[in-house]
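Student: Take a look at this one; I'll ask things after.
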Amino acid sequence: MRRRAFLATAGALGVVGATPAFAGGHRVLHVRPGDSVQAAVDAVTGAGWTIVVHPGTYREVVNIPSDKADLTLLGAGRDPRDAVVVYDNANGTQKPDGSGTYGTAGSATFTSAAPGLTVRGLTLANDWLRADHPDITGTQAVAAYVTGDRSSFTHVRLLAHQDTLFADTTALTAFDRQYYRDCYIEGDVDFVFGRATAVFERCHFHTLDRDVAFKPEGMVFAPSTARANPHGFLALRGRVTSGAQDGAYKIARPWVPSYETTARPSLVVRETELGPGIDAVAPYVNMREAYPWQSMRFREYRNTGPGAEITVPENRPQLTDPEAASHTRAAYLSDWRP
């Protein structure tokens with residue numbers, strides 16, 4: 001793939017400039033099939049750039065470092081399916097230089113540590129498949145690994161199997177904020193996970209069918225919120241559908257990493273339609289017995305659908321109305337209004 005990107009004004013698609021042009025106060029780069037999204041990122045100098053990704057499939061790894069602040073990635077098509085960034089590394093994939101495997105975070109197709117990132121109208125995917133690599137046991141294969149504060153995703157499709165979206169922070173002590181609106185997120189095991197303060201508004205979560213003989217087949221969320229952080233993951237006014245049989249999936253399990261054993265994962269799912277793929281009787285499960293989900297901050301509020309039916313109340317802790325007032329987009333994002 002040629003590592004280049006076009007420079008053009010926003011109003012003159014296809015016009016190639018020798019230097020970055022200014023449009024509405026922003027410098028704009030255009031990327032088309034045959035070009036490289038990473039090359040465009042590398043060309044960014046300073047804050048406030050926009051990269052317009054034209055329809056096509058870009059098979060590459062994209063890494064946005066922390067010094068590319070307030071960057072916007074904008075899909076130029078009418079549908080996020082039109083512009084796709086995809087690759088196929090997994091946790092256990094050997095690096096080409098022989099220095100070891102990529103690890104979970106390193107497997108990501110798209111990585112960003114930049115504050116103020118905005119992504120709209122794109123598909124970010126990791127198409128690594130377990131069936132194609134029976135020799136690899138590290139099967140986590142991340143589509144997007146995001147750590148920068150004020151990272152916003154709108155009308156973005158995030159596709160993978162295990163560990164699709166790693167919504168994390170820049171440091172163990174940081175409470176970096178992320179906002180996802182009208183996104184489609186697909187996977188199987190722990191496919192939305194991490195330590196970030198993250199709001200998922202009107203998002204569609206879809207659980208895939210796994211060829212396994214046991215249950216659960218997987219979990220939607222696996223938060224690892226720092227104990228000191230009052231806010232973890234908040235999913236509101238969304239829906240959860242499934243390609244698996246009824247009751248095959250859990251809503252969540254708590255992730256307490258070995259490198260942060262004081263974590264106290266936090267998840268609130270409210271006003272969300274839970275389809276029959278969610279186990280309504282026991283929707284939460286432990287990742288490790290030493291850290292039972294009941295000791296974590298898992299709550300629900302006014303959810304609907306067959307997966308939200310309360311049959312065993314102690315298995316479905318609910319927020320009271322006064323408590324729900326503290327679990328809103330504004331409360332989680334504070335002074336940031338994406």
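Bear in mind these aren't lab numbers, they're just calculated from the coordinates by the rules spelled out. These numbers come from a predicted model, not from an experiment. Note: ideal-geometry Cβ built from the backbone for every residue, glycine included; neighbour counts use all protein chains shown.
Student: Place a label point 7 angstrom from the Cα of ASP132 along the Cα-to-Cβ direction, then list the residues of segment 39-68 whose backbone nitrogen is under 18 Å away.
Tutor: 57-62
Student: While we're on this one: Nearest 500 deg cm²/dmol is fine: what mean residue ellipticity at 222 nm does the chain get from its DSSP H runs of n ≥ 4 alone, each adding -39,500 (n - 2.57), divided by its residue count?
Tutor: Helix-only estimate at 222 nm: -1000 deg cm²/dmol.
Student: When the gyration tensor of segment 253-295 is built from Cα positions, what are the square roots of 5 times its three eigenvalues, in whole Å, from largest to smallest?
Tutor: 24, 12, 8
Student: Taking the chain as a Gaussian network, where each spring joins two C-alpha atoms under 10 Å apart, which residue of VAL212, VAL285, VAL37 fluctuates the most?
Tutor: VAL212
Student: Starting from a Cα-only point model with no solvent, please compute log10 I(q)/I(0) by Debye for segment 166-282 at q = 0.16, 0.18, 0.20 1/Å.
Tutor: -0.71, -0.88, -1.04
Student: Along the three principal axes, how long is segment 51-200 when you take its alpha carbons, biggest first, rounded to the nearest angstrom?
Tutor: Over segment 51-200, Cα extents along the principal axes are 39, 38, 29 Å.
Student: Still on this structure, please answer the following. Please express the shape of segment 216-338 as an equivalent ellipsoid: the semi-axes are the square roots of 5 times the eigenvalues of the C-alpha gyration tensor, given largest first in whole angstrom.
Tutor: Equivalent ellipsoid of segment 216-338: 22, 19, 13 Å, largest first.
Student: Expressed in whole Å with the largest first, what are the equivalent ellipsoid semi-axes of segment 220-291 derived from the C-alpha gyration tensor as the square root of 5 times each eigenvalue?
Tutor: Each semi-axis is the square root of five times an eigenvalue, giving 24, 15, 8 Å.
Student: Moving on to the next point. What FRET efficiency comes out for the pair LEU172/THR45, r = Cβ-Cβ distance, R0 = 22 Å, nearest 0.05?
Tutor: Calculated transfer efficiency: 0.15.
Student: Report the extension gain between ALA282 and ALA105 in nm, rounded to one decimal, defined as 0.36 nm multiplied by the number of residues separating them, less their alpha carbon distance.
Tutor: Net length gain for the segment: 60.7 nm.
Student: Between ALA325 and THR261, what FRET efficiency comes out of the Förster formula 1/(1 + (r/R0)^6) with R0 = 41 Å and r the beta carbon distance, rounded to 0.05?
Tutor: 0.85
Student: As an exercise, identify the trypsin sites (Lys or Arg not before Pro) in segment 58-113 lying in DSSP coil whose Cβ has no more than 12 other Cβ atoms within 10 Å.
Tutor: Listed in order of number, the matching sites are ARG78.
Student: If you don't mind, there's one more thing I want to ask. Using the Kirkwood radius over C-alpha pairs as Rh, can you work out the diffusion coefficient of segment 195-240 via Stokes-Einstein at 4 °C, viscosity 1.567 mPa s, in µm² per second?
Tutor: This corresponds to a translational diffusion coefficient of 103 µm²/s.
Student: Work out how far the C-alpha atoms of the chain reach from end to end along every principal axis, then list the three figures in whole Å, largest first.
Tutor: 65, 48, 36
Student: Over its Cα atoms, what ratio of radius of gyration to 2.2 N^0.38 Å does segment 41-119 give?
Tutor: Segment 41-119 yields a ratio of 1.21.
Student: Hey, another quick one. Which of GLY307, GLY92, GLY187 moves the most in a Gaussian network model of the chain with Cα springs under 10 Å?
Tutor: Evaluated over the chain, the most mobile residue of the options is GLY92.
Student: Another question, then. For segment 105-150, count all C-alpha to C-alpha pairs, find those more than 15 Å apart, and express that count as a whole percent of the total.
Tutor: Result for the distance tail: 53 percent.
Student: For ASP335 and LYS95, what does the FRET efficiency come to when R0 = 35 Å and r is the distance between their Cβ atoms, rounded to the nearest 0.05?
Tutor: Once rounded, the FRET efficiency stands at 0.30.
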